[in-house]
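Notes for the one structure printed next.
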There are 2 protein chains.
Amino acid sequence: MDNVNLKKLAGELNLAVSTVSRALRDNHEISQETRDRVKALAAKLGFQPNPHASSLRQNKSRTIAVVVPEIQNNFFSQVLNGVEDVAQQKGYHVLIYLTHEDHNREKDILKVLRNGRVDGLMISVSNTTTNFDHLEAYRQTGMPLVFFDRVCEEMDVPHITTDDSKASYKATEHLLKMGCKNIAFLSLACNLSISNGRRSGYLQALAKHGLGNKMIVECGTDDEVNRQKIRKLLQSEQRPDGIFAAIEKFAVNTYEVCYELNICIPQQLKVVSFSNLAAAALFNPPLSTVIQPAYEIGKEAATILFKVVEKKMLLPNEKKVTIASQIVERKSTGRS
Amino acid sequence: MDNVNLKKLAGELNLAVSTVSRALRDNHEISQETRDRVKALAAKLGFQPNPHASSLRQNKSRTIAVVVPEIQNNFFSQVLNGVEDVAQQKGYHVLIYLTHEDHNREKDILKVLRNGRVDGLMISVSNTTTNFDHLEAYRQTGMPLVFFDRVCEEMDVPHITTDDSKASYKATEHLLKMGCKNIAFLSLACNLSISNGRRSGYLQALAKHGLGNKMIVECGTDDEVNRQKIRKLLQSEQRPDGIFAAIEKFAVNTYEVCYELNICIPQQLKVVSFSNLAAAALFNPPLSTVIQPAYEIGKEAATILFKVVEKKMLLPNEKKVTIASQIVERKSTGRS
DNA sequence: GTAAATTTCGAAAACGTTTCCGTAAAAAAC
DNA sequence: GTTTTTTACGGAAACGTTTTCGAAATTTAC
């Protein structure tokens, strides 16, 4: 029942397989009359060309892969949303792969993708990735590759990022403006270019305002460990009066510890965080956030990837795209 | 550079293509010595078999499709996480499609998938879907299909859901226990089996406790419209002292309106909602939630789908799987 | 010793498309 | 009226893999 294919259509219509194929693709070598006849029967029988045969012959799959560290993270799911929008509109399919911040998984995934399964790949690298050989190997095959958010600066492929460093600078400055003298930064592992940007924005702001007392706490995936570190930080001698969280999760951990220790936000501690959570406005107190243009990043990255896939020339400004993040000031950084 | 294929390997090794193919698949008809030789060269050249040729020949793609209404929604991204875990472990690939709650998109997607691109499909249907012909047509092709969360009860394919009705009953009872006399239900459009479950749980609880004054408000995707409806509800004569939101978004809308109208939660209004947001604990006040086992649903649905794909028999209790939701009581339903 | 079974491999068909090439018939050019 | 071009289509190769069939070479059975 399933196997309605070109041969079947051809048989039914007394035409050659090649003619049917051409008719369906609106080839001008086929008369309008025949085209209509073919299409009518195809529609009637619900013919859908076999994508594997098609891909094999044409050496393209109309599929792209998106590789991200995780998906529960609001940022990445919004990115994916943007990607899928563009892909669906262009008639492409989207394969999704999660690395769970594991370099080895990332390597395995890249390896499997190096064989024509997809026409292109966009990736936000895992934060345990320090070696980029697997990406280089992928690129060597000539397949289109685009980085977004967590990029490998060294590689000469399109990057789509947000202005992490600048946004971070502004967020830090915002804390200063609201009266903080002693700001701690909850950082991700340092091998990430992304965290470096965020960290350097923080450091730049401190330097600019003549504050040398940087406090950087490296947090990770384990909530309890994070809380432990934050607890220690908030109970220390020179305890900060402001916290800038590199990712939302750390802000959540901060809130938890503050509840636990009865530290009032924003009176005793002001908090700002990178976050794409719409519900941040409902937090107690509402959390000031640096919102990344996640959907736009996804959309832009996909658009550029498709341009590369379709071998269109990229404009110079499409090789490194930066989309601005936006600070939303809320009560967590309000004046006492 | 790219095209290292069986023929190339065969040429290099003075073997037939068929021998190389078999050697790589550890066919017992090939001597251990030859197998090793072949594998060594394959590894050296980084050979990856062309998946389209493979899929075409074997008539299977080692790929499944996941069709969901949206992905920003925490629930679905957690489901996807579960699915991807199982898939990656089994060496399958995952295609993702978003319907954006649009029945027509859903139809188009299903149509394109009806041709061997995937070995199986799992779907949570859009809430604008009332007609299931497209799903029936898909099933007719004999391809494996699994429903999760938003199911089509009528179709005889595996369902993986949570105990919506029961959880809803419990949540309503919880509100009653906390002193509510007048509970409103913020509902999704009624054609969804899912919302029917949640609604009926609510109604059952009211009936059980002899409360006839049901208040059902149908909300949708537009935040402003929702707020409008909630505003009207909370300003009405018999304004409720409890709100039960069928989805997280409506709870957010409720909070927003309460802030706006200076209605105190939980003193004046208690709120509970279906939600998978970890940060619900940080809300002001912390939101009581019905947490769905999203990750588990994804994992279970994928596991069952793979069983069907691999033509294993399903146990009777795998045809309809229900995984319990869990109520987390927080301040939003606390005693004044 | 021959017959039978086993091991190990090669040739070729097959999957369903797309596309290259060829070729009748019709139309246009002169 | 002949030649050239155009139109409309058919035949077959090709994509890279898997698998069927077959067949040497080796081993085992008797």
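Some observations on this one:
- Scanning the stretch A:315-331 for residues that are open to solvent by less than 80 Å² (accessible area, probe 1.4 Å) and either over 27 Å from A:LEU145 (Cα atoms) or part of a strand (DSSP E or B) (or both) returns A:VAL321, A:ILE323, A:ILE327, A:VAL328, A:ARG330.
- Taken over the stretch B:212-258, the criterion of being of a type in the set (Ser, Thr, Tyr) and under 19 Å from B:MET178 (Cβ atoms) is satisfied by B:THR254, B:TYR255.
- Of all residues assigned to the stretch B:102-116, at least one qualifies as being near DNA strand C (Cβ under 9 Å from one of its atoms), closer than 29 Å to B:ALA302 by Cα and in contact with a helix residue (DSSP H, G or I) (Cβ under 9 Å, 6 or more places away or on another chain).
- The set of residues in the stretch B:23-69 being away from DNA strand D (no atom under 13 Å from the Cβ), more than 23 Å from B:GLU12 (Cβ to Cβ) and either β-branched (Val, Ile, Thr) or loosely packed, with under 15 Cβ neighbours inside 10 Å (or both) consists of B:THR63, B:ILE64, B:VAL66, B:VAL67, B:VAL68.
- Inclusion of A:ILE96 among residues that are open to solvent by less than 40 Å² (accessible area, probe 1.4 Å) and within 14 Å of chain B (Cβ to nearest Cβ) is warranted.
- Filter pass, B:HIS100 being touching a residue at least 24 places away in the same chain (Cβ under 8 Å), within 16 Å of DNA strand D (Cβ to nearest atom), closer than 30 Å to B:MET122 by Cα and not polar (S, T, N, Q): no
- Residue that is within 14 Å of another protein chain (Cβ to nearest Cβ), out of contact with any Gly (no Cβ under 9 Å at 6 or more places or on another chain) and open to solvent by 60 Å² or more (accessible area, probe 1.4 Å), where the choices are A:ALA251, A:ALA278: A:ALA278
- So A:VAL118, is it within 30 Å of A:ALA280 (Cα to Cα) and open to solvent by less than 50 Å² (accessible area, probe 1.4 Å): no
- Selected residue [more than 21 Å from B:GLY201 (Cα to Cα) and more than 10 Å from every other protein chain (Cβ to nearest Cβ)] from B:GLU329, B:GLU310, B:GLU256: B:GLU310
- Candidate set: the stretch A:70-87, residues that are open to solvent by 10 Å² or more (accessible area, probe 1.4 Å) and charged (D, E, K, R); chosen: the one farthest from A:GLU296 (Cα to Cα): A:GLU70
- Residues located in the stretch A:114-152, provided they are assigned to a loop (DSSP other than H, G, I, E, B) and within 11 Å of chain B (Cβ to nearest Cβ): A:ARG114, A:ASN115, A:GLY116, A:ARG117, A:VAL118, A:THR141, A:GLY142, A:MET143
- Selection within the stretch A:1-22 - farther than 30 Å from A:ASN115 by Cβ, open to solvent by 40 Å² or more (accessible area, probe 1.4 Å) and within 11 Å of DNA strand D (Cβ to nearest atom): A:GLY11, A:ASN14, A:LEU15, A:ALA16
The values are calculated or read from the model by the stated rules, or taken from the named source; none is laboratory data. Since this is a predicted model, take the numbers as computed values, not measurements. For neighbour counting, all protein chains shown are included, and Cβ atoms are generated from backbone atoms with ideal geometry for every residue, glycine included. SASA here: full protein model, heavy atoms, side chains in, ligands and nucleic acids out. Shrake-Rupley method; radii C 1.70, N 1.55, O 1.52, S 1.80 Å.
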